[in-house]
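Nothing in this text is a laboratory measurement; each read-out follows from the coordinates by a stated rule. Remember, it's a predicted structure, so these values are computed and weren't measured experimentally. Please note: Cβ atoms are built from the backbone with ideal geometry, for glycine as well, and neighbour counts cover all protein chains shown.
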Amino acid sequence: MITGGCLCGAVRYAVDAERLESASFCHCTMCRRASGSAFGVFARAPSDKLRWLGKEPKRYKSSAIAVRAFCADCGSPIYFQYDSRPEYYALAVGSLDRPDLVKPERHWGVESEIPWARIDDGLQRSRTPV
């Protein structure tokens, strides 16, 4: 089981899975702004395997194609979810209790990458899929 939550502890979740899939860095403008950082880091969790243990996060329709969720109390990002892919949540890796167990596999949104935040780790680099 994988667990996580927000900074203040109000939002807590558990994923009934051994691991998360498709972990990646995202450098797109939306992820940068939502995270308040140079990039976001996300990993996919099947939506039917995730359950809320505390408060559910507040949802925000951040674009025409996705919803983002965060703690209404402390503002911590929890996930985003594409409208076209309701079968999974892209969990914010920083919200995991054990983020060290997730290893990103690629970089998305490199067309928006901040030059001083370039990570030369040899991972595949892709433009944001639209």
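Looking at region 1-48, which trypsin sites (Lys or Arg not before Pro) are DSSP coil and have at most 14 other C-beta atoms within 10 Å of their C-beta?
On the way: sites: Arg12, Arg19, Arg32, Arg33, Arg44; in loops: Arg19.
Sites meeting the loop and neighbour criteria: Arg19.
Arg19 to Arg59: extension gain in nm, 0.36 nm per residue of separation minus the Cα-Cα distance?
The Arg19-Arg59 span can extend by a further 12.0 nm.
Sum up the charges of everything whose Cβ sits under 9 Å from the Cβ of Arg68, counting Lys and Arg as +1 and Asp and Glu as -1, but leave Arg68 out.
Overall, the nearby charge balance is +2.
Rounded to the nearest 5, what % of DSSP beta bridges with both residues in region 2-113 are antiparallel?
Just about 85 percent of them are antiparallel.
Of all GluC sites (Glu not before Pro) in region 27-130, which ones are in loop regions per DSSP and have a Cβ with at most 12 other Cβ atoms within 10 Å?
Glu87
Tabulate in residue order the Karplus-calculated ³J(HN,Hα) for region 26-33, using 6.51 cos²θ - 1.76 cosθ + 1.60 with θ = phi - 60°, rounded to whole Hz; enter x for Gly and Pro.
10, 9, 5, 4, 4, 5, 4, 5
As an exercise, take the mean of 1/r over every pair of distinct alpha carbons in the chain, invert it, and state the Kirkwood radius in angstroms.
With all distinct Cα pairs of the chain included, I get 14.8 Å.
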